[in-house]
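Reading through the structure tokens given below for one structure.
Values quoted throughout were computed directly from the atomic coordinates according to the rules given, and no laboratory measurement underlies them. Note that this is a predicted model, so its numbers are computed, not measured. Backbone-built Cβ (ideal geometry, glycine too); neighbour counts: all protein chains shown.
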Amino acid sequence: MVLIVAILWSLILLVGIYAILKVSSKPTHHYEPIKLTEEEMNARPIMADIHIQETDPEVGMCVIEAAELPKYTFYDFIPLSEDMQIHCQELCEKYHVGFAFFLAMMESESSFNVDAHGDSSNSIGLMQINKPNWDRYDLNASIPKDNVEIGIRMMSEYIIKYQEVDKVVMAYKGGESAMLKWVKEGTRLKACDDIVNAAMWWQERLDEYGR
């Protein structure tokens, strides 16, 4: 009888310790959602209606250098989970990539669809990482958080190497050799304007809602 009671008390003690550890392991932070009204969401400008001065480097650098993140925030109007948003903001800060610029690139690549596939399934995920880069940096592009990190690190490398938004966008979209060929030929992708315009729109929303 004494043995049975001892066993029961031991089980109760173990359950109690497990419950305490489980509660203490939960994150203590909570990110309040920032919401846009339907009217604000519909007020987004048409990309082609915004004039971009192609030769003004300050326009590009303004987008690229908007990377200072005083705190991490969950935004209801960004179609990503809270966990993914915080992960992306942390990576953008770590690798000095403007969060608005990153959002514009992701929107262009996948429309925020974590299961997006392109180029006959040779480009995958939120940042549409192409096959030669699937295992880049010892990360796995089929895992959403790794996919995002590969994309941000590639953007960071292009920013450091080329400094100009157009070159960063074209290198990301078509690869460095294609970008250098396009520059030599005087060719410029329409995506350059679209992404810069989108980045400015995202930056305005982030600034408006506390970033």
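What to note about this one:
- Per-residue HN-Hα couplings for the range 100-112 [Karplus 6.51, -1.76, 1.60; θ = phi - 60°; Hz; x = Gly/Pro]: 5, 4, 4, 4, 5, 5, 5, 4, 5, 6, 9, 6, 6
- Taking amide hydrogens as placed 1.01 Å from N in the peptide plane, the amide H of SER123 sits under 5 Å from those of GLY118, each at least 5 positions away in sequence or on another chain.
- Spacing of the two label points (7 Å from each Cα toward its C-beta) at GLU164 and GLU93, in nm: 3.3 nm
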